[in-house]
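Colleague: Handing you this structure, nothing more for now.
The values are calculated or read from the model by the stated rules, or taken from the named source; none is laboratory data. No experiment lies behind these values; they were computed from the predicted model shown. Here the Cβ is made from the backbone with ideal geometry for all residues, glycine too, and neighbour counts use every protein chain on show.
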């Protein structure tokens, strides 16, 4: 399956130069964040030829990776798109997904992803496109990396009213747990990821089963440091600090 380029929707970083240093942003709303948008998710069963490097304090777990592409039309920092790659990992006894690669199209989102949640975001361009002759077929290209993600939805649409998602990450203050809640209309989708064989994420390439997410509503909670064996329970976790670290 090849990416369809008509009509394109471009989410570009300011000035079109993803190599530029992100500017310091003015204060925005602290987490929790409420985000609305749409997206696609691919479940990647394959594993890389060599172990993925994880942040300090995190240990890799077996299981499928996830490639998630989202286009937000309403967030505390305005509309933007993101693409992320996450692998299973654990922080102590707490399993979750660890984001190992991420691109966003907004410099404000870049700074907040880094300092509030410890995510390894970088600034880049994501170009969306849709096939007007198919049911649910669309594509997104990460221009700087040459990665193309396509998805064709099939089957009925089902409302997923409450899907908890837990991630693990690292900030200068230490390893943290990230909690999100997702609500969306979900359809199964066949996804294809294309990227160069010399890319360090080339193990993601191929055809995968995934999901198409419409009318997504996501609540992103503040990063929290573990607090004992029961720290996986939300009310037993504690905030990771009074103020977020500045972006690197």
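Colleague: How many of the residues in the range 109-140 are farther than 23 Å from residue 34 by Cβ, surrounded by fewer than 23 Cβ atoms within 10 Å (Cβ to Cβ) and at pLDDT below 95?
Modeller: 9
Colleague: In the range 187-199, what residues are closer than 14 Å to residue 146 by Cβ and crowded, with 16+ Cβ neighbours inside 10 Å? So that I can check it myself, show each step before the final result.
Modeller: First, pick out the residues of the range 187-199 that are closer than 14 Å to residue 146 by Cβ: 193-199.
Across the range 187-199, the qualifying residues are 193, 194, 195.
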